[in-house]
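Asker: Following this message is one structure expressed as structure tokens.
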Amino acid sequence: MSDSSPQLKDRIALITGATSGIGLGIARALAAQGCHVGINGSRPEQEIAPLCDDIAGAFGVRCVPLSADMSDPQAITAMAAAAAQALGPVDILVNNAGIQHVAPIDTFPAEMWDRLIAVNLSSVFHASRAVLPGMKARGWGRIVNIASAHGLVASPFKSAYVAAKHGMVGFTKVTALETATDGITCNAICPGYVWTPLVEKQIPDQAKSHGMSEEEVIDQVILAPQPNRKFASVEEIGALTVFLCSAAGASITGASLPVDGGWTAR
Ligand code: NAD
């Protein structure tokens, strides 16, 4: 805690989809700066609570579990209210929850399209809408949207995901313009492949379907578009989130920041 940012100490941060991977990494990075954190996930709160105990114990901050399905607008509004009631008004919102489905457009299940757009894109609107009035009233706020390299470029078979992430980048710009004189910034982080349980779990299946070793899948399939041939880490995404929320990030707003080893430079 000795190197915590004065700007971030005792701020209230709400992170969606924070029970694993990037969201959990961001929650830990903000808690390390002295933020009190609300950890959203779709699992019941008693299952999220041990993660909160861990964060509270490690960083000496308050941490609350917030169960809400991010495809449900009413649940999102209720979650934002519950975060404010448990911790105080939300200063920092990180829209991170996301799902993926891979299929050609002509066989893409319509209900999966609707669900993916709801979780990955519409939730960003509903959560931002819930916290912006308080941020404006207090004259300070940070919204960080975890988009993707797929918010900037496309890949085949990921129509809903690419549409949602491009939408998130556009929504980030509008949020930034609407709040530019309110002490609020809104930015999108656009990771390439990040080493998370989500990616790790795909590797044995991909190896089977491609008839390759797991090492070959990592090198020739997963990291093929990423010129530095390396996964980004959740710690890197957490550190950039902290920077965007710090005093040094005050003039960065409406930006889409790739963390993709050069993927979108091509
Ligand atoms: P992950 O599966 O570990 O995390 C996703 C999180 O979203 C989990 O906590 C999950 O519980 C939550 N979530 C999913 N559906 C939800 C719902 N309906 N309600 C509430 N929470 C829900 O994956 P991750 O790799 O950490 O991904 C986090 C974000 O980063 C996603 O938006 C993803 O699109 C984005 N991203 C990931 C990568 C990568 O390579 N891992 C790259 C670019 C962008």
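The values are calculated or read from the model by the stated rules, or taken from the named source; none is laboratory data. Because the structure is predicted, anything quoted here is derived from the model rather than measured. Every residue, glycine as well, gets a Cβ built from its backbone with ideal geometry; the counts of neighbours run over all protein chains shown. All accessible areas refer to the heavy atoms of the entire protein, side chains included, with ligands and DNA or RNA removed. Shrake-Rupley method; radii C 1.70, N 1.55, O 1.52, S 1.80 Å.
Asker: Name every residue in the range 11-31 that is touching a Phe, Trp or Tyr at 6+ places or on another chain (Cβ under 8 Å), hydrophobic (A, V, I, L, M, F, W, C) and either open to solvent by 30 Å² or more (accessible area, probe 1.4 Å) or near the ligand (Cβ under 10 Å from one of its atoms) (or both), in order of residue number.
Answerer: None; the set is empty.
Asker: In the range 154-180, what residues are of a type in the set (A, V, I, L, M), in a helix (DSSP H, G or I), under 20 Å from PRO258 (Cβ atoms) and in contact with a His (Cβ under 9 Å, 6 or more places away or on another chain)?
Answerer: If the condition is that a residue be of a type in the set (A, V, I, L, M), in a helix (DSSP H, G or I), under 20 Å from PRO258 (Cβ atoms) and in contact with a His (Cβ under 9 Å, 6 or more places away or on another chain), then VAL162, ALA164 are the ones that fit.
Asker: Which of (1) at pLDDT 95 or above; (2) farther than 24 Å from PRO258 by Cα; (3) touching an Asp or Glu at 6+ places or on another chain (Cβ under 7 Å) does ARG115 not meet, given it meets every other one?
Answerer: It is condition (3) that ARG115 fails.
Asker: Give the residues of the range 66-83 that are open to solvent by 30 Å² or more (accessible area, probe 1.4 Å) and more than 16 Å from PHE125 (Cα to Cα), sorted by residue number.
Answerer: SER67, ALA82
Asker: Would you confirm whether any residue within the range 44-56 is in the same structural domain as PHE125 (by TED's automatic domain parsing), of a type outside the set (Val, Ile, Thr) and open to solvent by less than 10 Å² (accessible area, probe 1.4 Å)?
Answerer: Yes, because at least one residue in the range 44-56 is in the same structural domain as PHE125 (by TED's automatic domain parsing), of a type outside the set (Val, Ile, Thr) and open to solvent by less than 10 Å² (accessible area, probe 1.4 Å).
Asker: Still on this model: Out of CYS35, CYS52, report the one residue that is away from the ligand (no atom under 14 Å from the Cβ) and modelled with pLDDT of 95 or more.
Answerer: Going through CYS35, CYS52 in turn, the sole match is CYS35.
Asker: Looking at the range 178-205, I want the residues that are modelled with pLDDT under 95 and have a partner that is more than 16 Å from the ligand (Cβ to nearest atom) with Cβ atoms under 6 Å, at least 6 apart or on another chain. Which pairs are those?
Answerer: What qualifies is ILE203/GLU214.
Asker: Can you tell me which residues in the range 54-83 are among the polar types (S, T, N, Q) and either over 13 Å from ILE39 (Cβ atoms) or part of a loop (DSSP other than H, G, I, E, B) (or both)?
Answerer: Hits for the range 54-83 are SER71, GLN74, THR77.
Asker: While we're looking at this one, here's another question. Here are the criteria: (1) touching a strand residue (DSSP E or B) at 6+ places or on another chain (Cβ under 6 Å); (2) in a helix (DSSP H, G or I). Tell me which single one VAL199 does not satisfy.
Answerer: (1)
Asker: Which pairs do you get when a residue that is under 19 Å from GLU178 (Cβ atoms), found in the range 243-262, comes within reach of a residue that is open to solvent by 30 Å² or more (accessible area, probe 1.4 Å), reach meaning Cβ atoms under 6 angstrom, with the pair 6+ apart or on two chains?
Answerer: Close Cβ pairs satisfying both conditions: GLY249/PHE243; GLY254/LYS173.
Asker: Does ALA232 satisfy the condition of being more than 13 Å from the ligand (Cβ to nearest atom) and either over 15 Å from ASN120 (Cβ atoms) or touching a Cys at 6+ places or on another chain (Cβ under 9 Å) (or both)?
Answerer: Against the criterion (more than 13 Å from the ligand (Cβ to nearest atom) and either over 15 Å from ASN120 (Cβ atoms) or touching a Cys at 6+ places or on another chain (Cβ under 9 Å) (or both)), ALA232 does not qualify.
Asker: Can you tell me which condition PHE59 does not meet? The list is (1) open to solvent by less than 50 Å² (accessible area, probe 1.4 Å); (2) out of contact with any Gly (no Cβ under 9 Å at 6 or more places or on another chain); (3) more than 10 Å from the ligand (Cβ to nearest atom); (4) over 16 Å from ALA163 (Cα atoms), and all the others hold.
Answerer: Among (1) open to solvent by less than 50 Å² (accessible area, probe 1.4 Å); (2) out of contact with any Gly (no Cβ under 9 Å at 6 or more places or on another chain); (3) more than 10 Å from the ligand (Cβ to nearest atom); (4) over 16 Å from ALA163 (Cα atoms), PHE59 violates only (2).
Asker: For VAL144, all conditions in the list (1) touching a residue at least 24 places away in the same chain (Cβ under 8 Å); (2) in a loop (DSSP other than H, G, I, E, B) hold save one; what is the number of the exception?
Answerer: (2) is the only condition that VAL144 fails.
Asker: Quick one: in the range 84-104, of everything that is β-branched (Val, Ile, Thr) and in a strand (DSSP E or B), which residue is surrounded by the fewest Cβ atoms within 10 Å (Cβ to Cβ)?
Answerer: Across the range 84-104, the extreme among qualifying residues is ILE92.
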